[in-house]
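We did not get these values from a lab; they are worked out from the coordinates using the rules stated. Since this is a predicted model, take the numbers as computed values, not measurements. Backbone-built Cβ (ideal geometry, glycine too); neighbour counts: all protein chains shown.
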Amino acid sequence: MEYTILIVLLPLLTFLVLGLLGMKLKACASGLVGTLSMAVTTALAYGTAWQYFTTAKVDGIYQKWVPFNIEWLRFTDNLHIDLGVLLDPISVMMLVVITTVSLMVHVYSLGYMKGERGFERYYAFLSLFSCSMLGLVVATNIFQMYIFWELVGVSSYLLIGFYYTKPEAIAASKKAFIVTRFADLGFLIGILLLSFFTQTFDFGLLTSGDRAIFSQAAGTTFMGASALAWAMALIFIGGAGKSAMFPLHIWLPDAMEGPTPVSALIHAATMVVAGVYLVARLFPVYYFETPEVLHGIAYVGAFTALFAATIACVQTDIKRVLAFSTISQIGFMMVALGVSGYGGHEGLGYMAGMFHLFTHAMFKALLFLGAGAIIHAVHSNEMSHMGGLRKQMPITHITFLVACLAISGIPPFSGFFSKDEILTAAFMFAPAMGWVMSFIAALTAFYMFRLYYNIFWGTPAKHEHEPHEAPGVMTTPLIILAAVTCVAGFIPFGKFVSSDGADYIIHLDWTVAGTSIAIALISIAVATVFYRKHSPIPDRLARTFSGLHRAASHRFYIDEVYLFITKRIIFNGVSRSIAWFDRHVIDGAMNGLALVTNRMSLAIRGLQSGQVQQYAFVFLVGLLLITVLVLFC
């Protein structure tokens, strides 16, 4: 299966071609080149998945394949960085997810971005981003993953700041880049710690079950925790930055300043799930060696999910509602991994987290692309500028409704099956965790149908131009993703992806499932009463709980806290005093040294006047002085 390297190289080649020659091509030609290249990449990914899942089992266990691997840098006999392709259930699953969503975004963008300045540049950046994510998920070692991890950061910076003439887009791209760089510093330090003690970067060795390689790291402690625990916690910080976990979530809502198809690509299926994938990739290490860190991941995920869901209930910008929804759903996946055991029935959380990653990618991409079609029609992101669009946009309406039902956990849509398994795993871990996650699921159903009713029902807003359905090149991806959302829940996912590689047969716990369905239906009913027609109840509740409503509307002032810390404390406090010391002490010392040197040079420059007579006179005077000293001393 050496051809699998083409899955990474084709988007890279497309990026180079469009980046270097795109301006010489017609705009539509650049779009077609990028889309055709991604279509071929998608076909290769599907072929890889078919071949792997039909032949990779030995004694009922999926094996890891490395069809391509080359050594890049060697540090010691054991420690070296390779570049290669690792195929196992989660990497193959991610190949399918990334290429599917990326292809839909490429096709959709032919209509959405038509006529935009920089159309060729846009498709070049899409290809670079796809290459980066594909290289990340097939990495054979953690340092290769880090390389592509940073490429993902660069690509997201370029895509979020695509509208570089808009100050908001530039600020958002810088914010995303800087926040994730701080998180990635933790990731890098964690990698260095882990590799120092284990003497390997290789995922195969790290997750092989050989606990001997961790003995030195586990035996070395710092501040009450082992070096291994510190390393794995720091690695998770990198994942928390990419996956927008609290308190590193602040970049993602602002990243909505990029083109809406970019939001679908970055915030649905690829960049934001990189952190989840990282934890899943190193899951055996977390589970067997540092279970306390794994439980911490669960608690961070649960808090983030609740925090983001609360904010999503009061946002008015449809893309920001979906952004906070994404943060909340990523929190669900982190909780699933954090509460999971290993193998058999205990491994439910791992399987459920990966299953939800798969299903969520499809219906969240559908939601973002649907939002793009709506924005394309009404030229606004605000829900107050919408209403009653179900008649003018029937295809968008139906597909958007399918996605809302899926994320709300209504059967038979895919989100029900994956989210229900997460809730079951959470209840198995601790009843309190199960009820917290059930409450978050209720909030999810409420804010999604609040969004749905405000867009498609209620009183239509007045527009300069009559809203209309998006062109076929934009609605076709919506229909495909809606169809996938309708059937993906029936995939026997546990037979393909599990914590130990063996088959996991999904059995719905109807006590949990029935409760979750009832909670979702109640939440939808409440949203229907509040928002299907104009009702004074939401405004009355906002006045009653004005403090909470105001805080949630301002994202609980976390951005303001960051600005206070950076501007008031770091810039005005610490940095200003350091700047004063630099200007007056460091620069003063250097300037003083230069001044003294200048004065001395001015004083003695007469000794090198260039006049022969003066030199002869000084020579004779010096000779006489030496003669006198020799004779009389």
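Could you please rank 367, 478, 278, 306, placing first whichever residue has the fewest other Cβ atoms within 10 Å of its Cβ?
306, 278, 478, 367
Given the Cα-Cα distance of residue 116 and residue 632 and 0.36 nm per residue of separation, how much length would full extension add, in nm?
My answer for the length gained is 176.2 nm.
What ranking do 599-610, 16-27 get when scored by the average of other Cβ atoms within 10 Å per residue, highest first?
Highest mean packing first, the order is 16-27, 599-610.
Could you line up 46, 123 from fewest to most neighbouring Cβ atoms inside 10 Å?
46, 123
Would you pull out the residues with amide H under 5 Å of residue 140's amide H, same chain only if 5 or more places away, H placed 1.01 Å from N?
Amide H to amide H, under 5 Å and 5 or more residues apart or across chains, residue 140 pairs with 84, 86.
Quick one: angle between helix 612-632 and the longest Cα principal axis of the chain, in degrees between 0 and 90, rounded to 10, please.
70
Could you give me the ³J(HN,Hα) list for segment 569-586, computed from phi with Karplus coefficients 6.51, -1.76, 1.60 and θ = phi - 60°, whole Hz, x at Gly and Pro?
Working through the residues one at a time gives 8, 6, 6, 7, x, 5, 5, 5, 5, 5, 5, 4, 4, 5, 6, 8, 9, 5 Hz.
Grab the Cα-Cα distance for residue 563 and residue 72, subtract it from 0.36 nm times how many residues apart they are, and report the gain in nm with one decimal.
172.6 nm
Sort 373-383, 485-495, 88-98 for me by packing, meaning the mean count of neighbouring Cβ atoms within 10 Å per residue, highest on top.
Per-residue mean Cβ counts within 10 Å order the peptides as 88-98, 373-383, 485-495.
Which entry in (1) 30.2, 95; (2) 29.0, 135; (3) 30.0, 119 is this structure's computed Rg and Dmax of the Cα atoms in Å?
Among (1) 30.2, 95; (2) 29.0, 135; (3) 30.0, 119, the one derived from this structure is (3).
If I take R0 = 30 Å and measure r between the Cβ atoms of residue 346 and residue 182 in this structure, what FRET efficiency does the formula 1/(1 + (r/R0)^6) give, to the nearest 0.05?
Calculated transfer efficiency: 0.30.
Give me the extension gain from residue 465 to residue 205: residue separation times 0.36 nm, minus the current Cα-Cα distance, reported in nm with one decimal.
87.5 nm
Listed here are the pairs 24/319; 419/495; 114/319; 175/319; 174/364; 319/419; which of them are more than 28 Å apart at the Cα?
Over 28 Å Cα-Cα: 24/319.
Taking the simple approach of a point 7 Å from Cα along Cα-to-Cβ for both residue 36 and residue 532, what is their distance in nm?
My value for the distance between the label points is 5.0 nm.
HN-Hα J couplings of segment 275-290 from phi, Karplus 6.51/-1.76/1.60, θ = phi - 60°, integer Hz, Gly and Pro as x?
Ordered by residue, 3J(HN,Hα) equals x, 4, 4, 4, 5, 5, 4, 9, 4, x, 5, 4, 6, 7, 9, 9 Hz.
Tabulate in residue order the Karplus-calculated ³J(HN,Hα) for segment 485-497, using 6.51 cos²θ - 1.76 cosθ + 1.60 with θ = phi - 60°, rounded to whole Hz; enter x for Gly and Pro.
Here the 3J(HN,Hα) series is 4, 6, 10, 4, x, 8, 5, x, 4, x, 6, 9, 10 Hz.
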